[in-house]
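In what follows, a single structure is set out as structure tokens and then discussed.
The values are calculated or read from the model by the stated rules, or taken from the named source; none is laboratory data. Note that the structure is a prediction, hence the values are computed from the model and not measured. Here the Cβ positions follow ideal geometry from the backbone for every residue, glycine too, while neighbour counts run over all protein chains shown.
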Amino acid sequence: MFWPGMPMIMPLPLDRGRFDLAPVVCYDPSGRGEREDEGMQAHDSEALFGKTYADGTVIFREGDVGREMFIIQDGQVEISSVVDGEKLVYGVLGKGRFFGEMALFDDQPRSATATVRGSARLMVLERDTVRDRLKGDPNIGLTLLRSMCERIRSLHQGLEDLISAGNLEPGAVDAALKAHQSQ
């Protein structure tokens, strides 16, 4: 949450679902022309510079309600889910990548669990902040869409690879996809 006198920030989007965290768009919503460091409190630094999480910290769990997304400033975060009682790791994301964005747009519970590997510094972006920035800069939306498309294509390719290797029956995949589309 931002208030008068606190600079609002948003990382600038780069290609392929990454955000450049060095140049930051800052402004003073009060319009008083205060410098970034004037009037800053200790708790403001998390909004500006992110928060550091220890190894094994669960950022959110599959099924949780989501009201924010995260940008990895340093370190790694594992994205996983439990399928038939077994942990399935979808991937490990590193510096500049983001996660948790789906919950900002579809108002559905989290579809996966995000767990810190090693330690990580994350910037938290609240739903309203992201939506406001999207209105002001459509390029941010294009970056999010590009990344989501990249992830869908990757999942699609993974399914094709499993079918080609004989590990999945095409009919079973087709039936499962149709069942989820009708929900």
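Things to note:
- Among the residues listed as LEU122, LEU145, LEU168, LEU155, the single one being aliphatic (A, V, I, L, M) and under 15 Å from GLU68 (Cα atoms): LEU122
- Residues that are among the acidic types (Asp, Glu) and within 15 Å of SER111 (Cα to Cα) within region 68-83 comprise GLU68, GLU78, listed in sequence order.
- Among the residues of region 93-128, not one is at pLDDT below 90 and β-branched (Val, Ile, Thr).
- Near pairs, Cβ below 7 angstrom, 6+ apart or cross-chain, from region 77-96 (polar (S, T, N, Q)) to any residue that is modelled with pLDDT of 95 or more and part of a strand (DSSP E or B): SER80/THR113; SER80/THR115; SER81/THR113
- Condition check for ARG146: under 22 Å from GLY50 (Cβ atoms) and surrounded by 13 or more Cβ atoms within 10 Å (Cβ to Cβ): no
- Among the residues of region 104-129, the ones that are touching a residue at least 60 places away in the same chain (Cβ under 8 Å), surrounded by fewer than 19 Cβ atoms within 10 Å (Cβ to Cβ) and either over 17 Å from SER81 (Cα atoms) or within 12 Å of the chain's Cα centre (by Cα) (or both) come to 6 in all.
- Considering region 106-131, and only residues there that are outside any loop (DSSP other than H, G, I, E, B) and of a type in the set (A, V, I, L, M), the residue that is farthest from GLN73 (Cα to Cα) turns out to be VAL130.
- Figure legend. Inter-residue proximity from region 159-182: first residues under 20 Å from TYR90 (Cα atoms), second residues exposed (fewer than 10 other Cβ atoms within 10 Å of the Cβ) and at pLDDT below 75, beta-carbon distance below 6 Å, spacing 6+ or different chains. No pairs are indicated.
- Within region 56-95, the set of residues being among the acidic types (Asp, Glu) and not in a loop (DSSP other than H, G, I, E, B) comprises GLU68, ASP74, GLU78, GLU86.
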